[in-house]
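**Q** Would you mind keeping the following structure in view while I ask a few things?
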Amino acid sequence: MSTSSTAFATEPLRIVAVSAGLSSPSSTRLLADRLAGAARERLLTEQDRAVEVRVIDLRDLAVDIANHLVTGFPPSALDGAIKEVTQADGLIAVSPVFTASYSGLFKSFFDLIDNTALTGKPVVIAATGGTARHSLVLEHAMRPLFAYLRATVVPTSVYAASEDWGSSGDEYTEGLPSRIRRAGGELATMITGGRAASGAPRTLGLDDEVVPFEQQLADLRLD
């Protein structure tokens, strides 16, 4: 094996998490940390390379992002953050829900990323909100955004409403820690070249029972 290939094989894997949380402490930052930890744990379990995790708080770059949008020139801190995102082996993107979508700060940052720079990059999308009724933001806003950026979004996206923190889920839905582990595991699998599959074991619930459609219609008939 050549010296250069040996060096490449021993380089640490880099996971970058982008948090668009505005407060401190922030549940959005907390979710980014948990997802990065889950991916790191899975990578360390399944392969012998070191893993580096970097979390970027966009609140610290808000002024730089605005300046870049109007001048076209990124300040050094923002330039460094963009390079970390585009050079990462895996990306975690977490936004709070504002007005039924991702936040303006989150969108403004990814507006500054070249639309080919994330091509094929494994990405976990996640969002936080005050109510579970906003969870579809992942599918109608965030997933299309990263599809446009040509990233490869893992099957499991994670939404954390306020009531999800500390909840173990119910018969229909896994608890937040389980969803975080599954998404982190899928990211780790894709980083190492595998194909992520949402195959985590799940306790069967009422929705798993297969009932023929005709029977369901018959059950609706009134005597």
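The values are calculated or read from the model by the stated rules, or taken from the named source; none is laboratory data. Just so it is clear, the model here is predicted, and its values are computed rather than measured. Methodologically, a virtual Cβ is constructed for each residue, glycine included, from the backbone with ideal geometry; neighbour enumeration extends over all protein chains shown. These accessible areas exclude ligands, DNA and RNA; they are computed on the full protein's heavy atoms, side chains included. Shrake-Rupley method; radii C 1.70, N 1.55, O 1.52, S 1.80 Å.
**Q** Scan the stretch 158-179 and give yes if some residue there is within 22 Å of Ile113 (Cβ to Cβ) and free of Cβ contacts under 8 Å to residues at least 60 places away in the same chain, otherwise no.
**A** no
**Q** Moving on. Determine, yes or no, whether Ser19 is of a type in the set (Ser, Thr, Tyr) and modelled with pLDDT under 95.
**A** No.
**Q** Which of the residues that make up the stretch 79-116 are over 13 Å from the mean Cα position of the chain (by Cα) and among the polar types (S, T, N, Q)?
**A** Thr86, Gln87, Thr99, Ser101, Ser103, Ser108, Asn115, Thr116
**Q** Just checking, which of Ser157, Ser135 is of a type in the set (S, T, N, Q), within 25 Å of Glu186 (Cα to Cα), modelled with pLDDT under 95 and touching a strand residue (DSSP E or B) at 6+ places or on another chain (Cβ under 8 Å)?
**A** Ser135
**Q** Kindly evaluate Leu35 against the criterion of being modelled with pLDDT of 95 or more, under 17 Å from the mean Cα position of the chain (by Cα), within 27 Å of Pro12 (Cα to Cα) and among the aliphatic types (A, V, I, L, M).
**A** Answer is yes for this residue.
**Q** Restricting attention to the stretch 30-63, report how many residues are open to solvent by 50 Å² or more (accessible area, probe 1.4 Å), over 21 Å from Asp111 (Cβ atoms) and outside any strand (DSSP E or B).
**A** Counting residues in the stretch 30-63 that are open to solvent by 50 Å² or more (accessible area, probe 1.4 Å), over 21 Å from Asp111 (Cβ atoms) and outside any strand (DSSP E or B) gives 12.
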